[in-house]
Amino acid sequence: MKLLETAGLTKNFGGLVAVDEVNFAVEKGELKGIIGPNGAGKTTFFNLITGSLKPTRGKVSLNGEDISGLPPHLISRKGISRTFQITNIFPEMTVYESVWAGVNSRAKQPWNPFIHAGAATDISRKTKEICQMVGLDSKMGELSTNLSHGDQRVLEIAIALSTEPILLLLDEPTQGVSPKEIDTMISVVRKVSEVAAVVLIEHNMDIVLELSDNITVLENGRTVTEGSPSEISANREVQKIFLGIE
Amino acid sequence: MERNVRLKVIGSVSLIVVLLVTMLVTACAPKSAGEEPIKIGLLANKTGGLAAYGYSHEKVAIAAVDQLNAEGGIAGRSVELYVEDDESKPSVGATKFRKLVENNGVDFVLDSNSSGVAVACCPIAKELNTIYFPCSSATEISGDKGNRYIFQACTNVREECKGAAKFAVDNIGKKWVTVVVDYSWGQANEEAFTTYVTQNGGTVLASIRVPLGTSNWLPYLKGKIPADAEAVYFANFGSDFLCFLRDLYAVRPDIEKLGAVYAISARDPAELGAPAEGLYCLTSYPTRLAGLDTPGNKEYRDIIGVNSDGLEIGTDKYFVLAYDWAVWEPIFALKAAIEKSGWTSKADNPALIETLEGMHFEAGVKFPQGDMYYRAADHATIAGIYVEQIVNGELTVAAAVPASEVVYTSLVDRTKEPF
Amino acid sequence: MPFKDSGQGLRTASSGFREFKSRMSNKQTPFVMLAVAVVVILIGPFLPPGLRSLVIEIMILCIFAMGYDILLGFTDQCSLGQSIFFGTGAYGVVLAISYLNANLWLALIIAVIASIVLAFLTGLIAVRLSEAYFVIITAIFFSIFYLLSLSMSWLTGGDDGISITVPSLSLGFTELSLYNPLVNYYFAFFFLIISYLILTRVVGSPLGKVFISIRENSERTKFLGYNVFRYKLIAFILAGLFAGLSGALYAIRLRYGSADFFSFDWSVLPIVWVLIGGTGTLIGPCIGVVIMSLFQYYVSAWWAQYLIIVGVLIIVILRVSPKGIVGYIRSRKGKVKEKG
């Protein structure tokens, strides 16, 4: 059984077909890349899986269970987490608090009004572990708005990790990240792929080719082709799409 | 920029600190020894919906106290006036009532024209052993919402409707429709007018209630006034009154109109135009001197500074003369009662109250509205009322209803109430 | 708190946690609050009666303000309908005493439960809506309740209101009369302390932290698996609860309830308190109450249009520090720490 499978997933916005009959699958432990030009429907695809949008047609299954059209918080509970192309963090909360929020959501009583938040030692421990995993443990007390853009993108991933997902959808994690910090990002994504299956949308070809087990190419909402990194980089159609080579 | 910001904050904080210190100091200021003045508090509607009332009430109260002091004060003691703003809200009124007594140390409190404020303050007056003369017309103030420390300084709705009903049925029409704003004052007018019109042989065919602040009265009037209705009794004021007048004229231009006390307060009848022509309105005090041309009334009007048309001399603002007399007269009533009973401090309140109960006062400059008395049983002001009419854009008095016709059986007997 | 750069995970982890803990509950705050509480308790008998009445009023309104901060300051819900619960709390007490002959505690319980139920019902409809619509619908609810309270004067006394005789306060071993100003003072203070303790604990608890993350980014909070609607509803109910408690205490203090308690003023005042004092701080709105009440009590006697001064003050405060007075004090403390 596939970890995540979409069958004929389609999204229409009025006359515009943003995602067109996409069949996609992820196995446990896989790191799959998705590439495509702007407007190819990649982020919309993520939105369909995570519940931001309801599919017009088609199905999304997680471990065989149909999760199409569920609201975002329930899909998160099923074990799917995502990051966002435009940084979507908690501005006036520290790194620690931001990750803590996610870890707390899996606690038995996340709504507990009686105990002091710091008293839940389990949650504190897990929070620290996640911060360590992504390398932000030295900056746990920093306000999110004060971080460098690269660190914010890493925090973006840490927040997604905090809910112990089995599948992580990363939407252009290196967006706007300076060349110095890209290596950090790459090692973070690698580490993360050890604990969850990952689907990675990226514009940076080198990164996608280096990290992915498998790459899907989207254009105009449709799957153009699929294959291993070497197959994709040799593929003439793909080259046409991206490099304009005839 | 830092420095600017810091200056601003220092400025604001300093202001607050200075205010706080001044307040604490004045709050704890020791009382001066020797012959203490008698302190009267005025709980005026200086701001809020009834701001027009507070404006003239304050001036009239100040004029009264000045007059009193010029004549030697009360029992040889000078009189001091303290004015607080109730913002036309009961919660603020209650707070300011307490402030007048607890902070300023007043011996007596006059006014608020707002029934809510008056009702809220009645129990506080008794609690703080302070005799209170509210200037609001809610019948219950001389009923179950008042107590022995309360003397309702103006005529109440029940008196007004009772007094008006006979004139209304005899001279305006037998078949009536009531149109009132849907809150206490309007509802009370509807109920009292219906009762007394029926008693006098008339009928009320329909009772229409309209929410406060409605600008379009057509949905409430069109098709709702029976064809055989001859007259409308209305209770609204301010912008509600203007919208009502306009829309009623559109629906039934022929119908007679009688307004409750308040309705055309502070309004220039000439500006109301054709819809208001022939309109009757109740009042406890005629707007124009011609309506009550007595020497006492003339002198009173000169002292408070209004001309023969009821406008303040110098500013041409309308005084709310319909109620100003109920701020003026209690001050002189107190003088008479204090000097008669030998009151020297609040400890003597029971004797003063008993003196006021049933005390009669004769028309004159001190009681310009006419002869009046405080009925012992319910402390209501028993006085005559007037029916004014707009004729050729001017207010004239159509009838004077004597006090005997407004009297109704008292709802309570305060003389049995312990102090 | 300066961070020592060390490679040892444990040391940096714990300094992060310490920072976290101190942000959770500022260590100085409990001492300051305790000091303030002691002062308030001790000066009770020595205050001049006018000032004491004012302090009682301030204490009761602080409960209202803190509850509103949970709504506006912690979950970004700008409700224009809190007067619904304030009025309900007031009438809960007034009607219970008038018609049911209830004793004081029963009347309070009825008032608070009525507010909770009403907050739940109105919240079910209102909280689902997004920002602007939420504001509008709470304003609509307020209008409905206000006009109903004016119209149904057979029940509410309309704007004339209903006066009550407050039954004595029975404490098991003794009976105290609330007509004694000192009893009134400590009675109000008791509820202020309880409200403060409850709300502080809520704010420092996991529930409070979820509120904050909803405020900071409610969309992302959904993606973390939280049913954000339910949490916002809890915040709404909490605010309604404390507004109702405040209204009940206010009616007891005034021995009076009227349609005025449902009026727009009581919906707008909480916003003013919170803006002046600082959102999301709990103590900030209390400072807002103090300032507004002082202005109304004292400045109004000098200049009836004191609201103009208040308006200017709000503009100045918001320009200098969008997070109000408390926000400004905290940011200055932060800057001092950085430099030092």
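The numbers here are math on the coordinates, done by the rules we state, and not lab data. Since the model is a prediction, treat every value here as computed from it, not as a measurement. All Cβ positions, glycine included, derive from the backbone under ideal geometry; neighbour counts span all protein chains shown.
Below is a table of values for the structure above.
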{"item": "Cut-off 15 Å between beta-carbons: net charge of the residues surrounding C:Val55, Lys and Arg +1, Asp and Glu -1", "result": "+2"}
{"item": "Proxy reagent accessibility, fewest Cβ within 10 Å first, across C:Met66, A:Met133", "result": "A:Met133, C:Met66"}
{"item": "Cys with no candidate disulfide partner in chain C (beta-carbon separation under 4.7 Å rule)", "result": "C:Cys78"}
{"item": "B:Tyr82 long-range amide H proximity, modeled H, under 5 Å", "result": "B:Ile40, B:Gly41, B:Leu42"}
{"item": "Chain C - charge dipole about Cα centre, Lys and Arg +1 at Cβ, Asp and Glu -1, debye rounded to 20", "result": "1660"}
{"item": "Rg/Rg_globular for the stretch C:51-263, with Rg_globular taken as 2.2 N^0.38 Å and Rg from C-alpha atoms", "result": "1.05"}
{"item": "Taking all pairs of distinct alpha-carbon atoms in the stretch A:55-127, Kirkwood radius in angstrom", "result": "14.7"}
{"item": "Shielding by partners - mean other protein chain Cβ count within 10 Å, residues of C:211-217", "result": "6"}
{"item": "Of C:Leu72, C:Leu249, C:Leu51, the one that fluctuates the most in a GNM where chain C has Cα springs shorter than 10 Å", "result": "C:Leu51"}
{"item": "Tilt relative to chain B, helix B:184-199 - C-alpha long axis, 0 to 90 degrees, to 10", "result": "50"}
{"item": "More than 17 Å apart - percent of Cα-Cα pairs taken over the stretch B:54-107", "result": "48"}
{"item": "Candidate aspartates and glutamates for bridging to C:Lys222, where Cα separation is under 19 Å - those fewer than 8 sequence places away on the same chain excluded", "result": "A:Glu92, A:Glu97, A:Glu156, A:Glu164, A:Asp171, C:Asp76, C:Glu131"}
{"item": "Virtual paramagnetic centre 7 Å along Cα→Cβ of B:Glu312, amide N under 13 Å, in the stretch B:61-94", "result": "B:61-63"}
{"item": "Cα long-axis angle, helix A:121-133 against chain A (0 to 90 degrees, to the nearest 10)", "result": "40"}
{"item": "Convex hull (Cα only) mean projected area of the protein assembly as shown, reported in nm² to one decimal", "result": "49.9"}
{"item": "Ordering of B:80-92, A:93-105 by burial proxy (mean other Cβ atoms within 10 Å per residue, highest first)", "result": "A:93-105, B:80-92"}
{"item": "Residues whose placed amide H lies under 5 Å from that of C:Ser205, excluding near-sequence neighbours", "result": "A:Ala117"}
{"item": "Cβ-based net charge around B:Val327, under 11 Å, with every Lys or Arg adding one and every Asp or Glu removing one", "result": "-3"}
{"item": "Burial ranking of peptide ranges A:167-176, B:303-312, B:66-75 (average Cβ count within 10 Å, highest at the top)", "result": "A:167-176, B:303-312, B:66-75"}
{"item": "Mean separation of Cα contacts under 8 Å (6+ apart) over length of chain A, as relative contact order %", "result": "27"}
{"item": "³J(HN,Hα), Karplus 6.51/-1.76/1.60, whole Hz, each residue of the stretch B:283-288, x for Gly, Pro", "result": "7, 8, 7, x, 5, 9"}
{"item": "Shape metrics for the stretch C:216-326, restricted to C-alpha atoms - Rg then Dmax, Å", "result": "17.0, 55"}
{"item": "3J(HN,Hα) from dihedral phi, the stretch B:129-143, Karplus parametrisation 6.51/-1.76/1.60, rounded to Hz, x for glycine, proline", "result": "6, 10, 6, 10, 10, x, 9, 10, 9, 5, 4, 5, 5, 9, x"}
{"item": "Nitroxide proxy distance, nm - points 7 Å out along Cα→Cβ at B:Glu394 and C:Ala37", "result": "7.3"}
{"item": "Unit charges at the beta carbon, dipole of the protein assembly as shown: most positive-side option, A:Ile232, C:Ile291, B:Phe319", "result": "A:Ile232"}
{"item": "Highest to lowest packing among C:214-221, B:354-361, B:51-58, C:30-37, scored as the average C-beta count within 10 Å", "result": "B:51-58, C:214-221, B:354-361, C:30-37"}
{"item": "Solution diffusion estimate, µm²/s, Stokes-Einstein, the stretch A:7-61, Kirkwood Rh from C-alpha pairs, 25 °C, viscosity 0.890 mPa s", "result": "209"}
{"item": "Expected 222 nm ellipticity per residue - DSSP helices of 4 or more, -39500 (n - 2.57), all of the protein assembly as shown, to 500", "result": "-15500 deg cm²/dmol"}
{"item": "Estimated distance in nm for a label pair at C:Ile144 and B:Ser239, the labels positioned 7 Å out from Cα along Cα-to-Cβ", "result": "2.5"}
{"item": "Förster-model FRET efficiency, 25 Å R0, A:Glu231 and A:Arg57, C-beta, rounded to 0.05", "result": "0.30"}
{"item": "Averaged over C:263-273, number of beta-carbon atoms from partner chains that fall within 10 Å", "result": "1"}
{"item": "At 0.692 mPa s and 37 °C, Stokes diffusion of chain A via Kirkwood alpha-carbon radius, µm² per second", "result": "176"}
{"item": "Tilt relative to chain B, helix B:321-341 - C-alpha long axis, 0 to 90 degrees, to 10", "result": "50"}
{"item": "Ranked list, fewest to most other Cβ atoms within 10 Å of each Cβ, for C:Ser263, C:Ser177", "result": "C:Ser177, C:Ser263"}
{"item": "Long-range amide H partners of B:Lys46 with built H, under 5 Å", "result": "B:Asp86, B:Glu87, B:Ser88"}
{"item": "Neighbour net charge for B:Ala336 - beta-carbon separation under 12 angstrom, K R +1, D E -1", "result": "0"}
{"item": "Contact order normalised by residue count of chain B, Cα under 8 Å, 6+ apart, percent", "result": "15"}
{"item": "Rh (Kirkwood; distinct C-alpha pairs) - chain B, Å", "result": "22.5"}
{"item": "In nm, spacing of pseudo-spin labels at B:Asp144 and C:Trp303 (7 Å Cα→C-beta vector)", "result": "4.6"}
{"item": "Peptide-level mean, for B:177-186, of C-beta atoms on other protein chains within 10 Å", "result": "3"}
{"item": "³J(HN,Hα), Karplus 6.51/-1.76/1.60, whole Hz, each residue of the stretch C:45-58, x for Gly, Pro", "result": "x, 9, 5, x, x, x, 5, 5, 4, 5, 5, 4, 4, 4"}
{"item": "Cβ-placed point charges (K, R +1; D, E -1), dipole of the stretch B:158-283 about Cα centre in debye, nearest 20", "result": "220"}
{"item": "Listed residue pairs exceeding 29 Å between alpha carbons, taken from B:Lys46/C:Lys232; B:Lys175/B:Lys317; C:Lys209/C:Lys323", "result": "B:Lys46/C:Lys232; B:Lys175/B:Lys317"}
{"item": "Cα pair distances in the stretch B:158-283, grouped into 5 Å bins until the bin that holds the longest one, percent each", "result": "2, 12, 25, 27, 21, 11, 2, 0"}
{"item": "Top positive-direction residue, dipole computed over the stretch C:51-263 with Cβ charges, set C:Leu249, C:Ala235, C:Trp105", "result": "C:Ala235"}
{"item": "Ranking of C:Ile314, B:Ile264 by count of other Cβ atoms within 10 Å, fewest first", "result": "C:Ile314, B:Ile264"}
